[in-house]
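Data first, discussion second: the structure below is written as structure tokens.
The values are calculated or read from the model by the stated rules, or taken from the named source; none is laboratory data. This structure is a prediction, so every number in the text was calculated from the model and none was measured. Don't worry about glycine lacking a Cβ; one is built from the backbone with ideal geometry, like all the others, and counts go over all protein chains shown.
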Amino acid sequence: MEKNTVKVLIIGSGPAGYTAGIYASRANLNPVIYEGNQPGGQLTQTTEIENFPGYPEGIQGPEMMDQLRQQALRFGARIESKTIARVDFSSRPFLCVDEDGNEVLAETVIVSTGASARYLGLSDEEKYRGLGVSACATCDGFFYRKKNVAVVGGGDTACEEALYLSTLAKKVYLIVRKDYLRASEVMQKRVREKENIEILFNCNTVGLFGEDGVEGAKIVEHKGTEREQIFDISIDGFFLAIGHKPNTDIFRGQLDMDAEGYLITAAPTTRTNVEGVFAAGDCADPIYRQAVSAAGTGCRAALDAERFLMEH
Ligand code: NDP
């Protein structure tokens, strides 16, 4: 098996990972970025990004991530289209093993593994995955042209997905478990103004049904109260937009994390509890989770790694 030694190993390739790659390569640290199984991260699954500074007209998510990638390559970052499967942070250089069993020895590591979509935990979600159940409207919305679909969630993501789907589908149900939306005012307004979006407040999905794919969902309104009632909605697509889980399982037991799995850093730095290991982006950010804040922490992680290498 191959064995490489690198000064800076960056695990993950969203705005945080690529920005860390840009900074570390400009500092002549020859970083290696392991892109993982979703190169570019979550933004490659979104449509238009309107709030990243520098793009007054907005930019498509995949295009922006490609630009960041090109920028990292331009200064000499090496990009591996692979996943790091296992790490050992007990001694330096750190041993990291990729999915093929190749070992990388890293003097510093920047963890920027991002987060993945959450599911409700219904067995029907598994049963119909790829058969009507999706966590990415922009990836799969196309299949539901002129059909009925549902989006679960009341945050900005759910509103964004519902709005996107409303341009394709005949009707979009937005299933919200509380009696209000958590999304920003501007997103709420856009959703409310869309004629083919119906918001089902106080509703939980308890099951899906259908012969060869999703044909409907079983909904409970006012669950557990006197007003509880159960009804079915007829849908072909069921989209989850209920938040994300940080991709930090391979670091469990080695890096400090909170109850949800977000890595804990020594603010205002990106230092983790292991000297020489830094964390950036959504995997360490339960609060802001924005592309621009992820890019900012990627920059800080690269500067922290550079300083660490100078001192050691
Ligand atoms: P959020 O955590 O903001 O919202 C998650 C939503 O899912 C909430 O409405 C929550 O309900 C609901 N939910 C969670 N678990 C369940 C469950 N088991 N059953 C039913 N509903 C559930 O996540 P988002 O992904 O929407 O947003 C994450 C961050 O990214 C936010 O800071 C958001 O502002 C930002 N963002 C910004 C965008 C933009 O600016 N263009 C676009 C997308 C996201 P409840 O309210 O009851 O907890």
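Does any residue of the stretch 131-142 turn out to be within 14 Å of the ligand (Cβ to nearest atom) and assigned to a helix (DSSP H, G or I)? Yes, the stretch 131-142 has at least one match. The requirement of being of a type outside the set (Asp, Glu) and touching a helix residue (DSSP H, G or I) at 6+ places or on another chain (Cβ under 7 Å) is fulfilled nowhere in the stretch 215-231; no residue meets it. Of everything in the stretch 230-270 that is surrounded by fewer than 18 Cβ atoms within 10 Å (Cβ to Cβ) and not in a loop (DSSP other than H, G, I, E, B), the residue that is modelled with the lowest pLDDT is 245.
Just to be sure I understand the filter: pairs with C-beta atoms under 8 Å, separated by 6 or more residues or on different chains, first member in the stretch 299-312 and in the same structural domain as residue 106 (by TED's automatic domain parsing), second member surrounded by fewer than 18 Cβ atoms within 10 Å (Cβ to Cβ) and β-branched (Val, Ile, Thr). Which pairs pass? Every condition considered, the pairs that remain are 300/269; 304/269.
Within the stretch 271-309, restricting attention to residues that are in a loop (DSSP other than H, G, I, E, B) and more than 24 Å from residue 242 (Cβ to Cβ), the residue that is nearest to the ligand (Cβ to nearest atom) is 280. Listed conditions (1) more than 11 Å from the ligand (Cβ to nearest atom); (2) crowded, with 24+ Cβ neighbours inside 10 Å are all met by residue 174, apart from (1).
Listed here are the residues, each with its yes/no results for (1) free of Cβ contacts under 8 Å to residues at least 40 places away in the same chain; (2) in a loop (DSSP other than H, G, I, E, B); (3) not assigned by TED's automatic domain parsing to the domain that holds residue 281.
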{"position": "51", "(1), (2), (3)": "no, yes, no"}
{"position": "54", "(1), (2), (3)": "yes, yes, no"}
{"position": "62", "(1), (2), (3)": "yes, no, no"}
{"position": "67", "(1), (2), (3)": "yes, no, no"}
{"position": "76", "(1), (2), (3)": "no, yes, no"}
{"position": "87", "(1), (2), (3)": "no, no, no"}
{"position": "106", "(1), (2), (3)": "no, no, no"}
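Tallying residues that are among the aliphatic types (A, V, I, L, M) and either free of Cβ contacts under 8 Å to residues at least 12 places away in the same chain or under 16 Å from residue 281 (Cβ atoms) (or both) within the stretch 233-256 yields 2. The C-beta contact set for the stretch 175-194 (first residue under 24 Å from residue 220 (Cβ atoms) and of a type outside the set (Val, Ile, Thr), second residue within 11 Å of the ligand (Cβ to nearest atom) and part of a loop (DSSP other than H, G, I, E, B), distance under 6 angstrom, 6+ apart or interchain) comprises 179/201; 179/202; 181/154; 182/154; 182/155; 183/155; 188/181.
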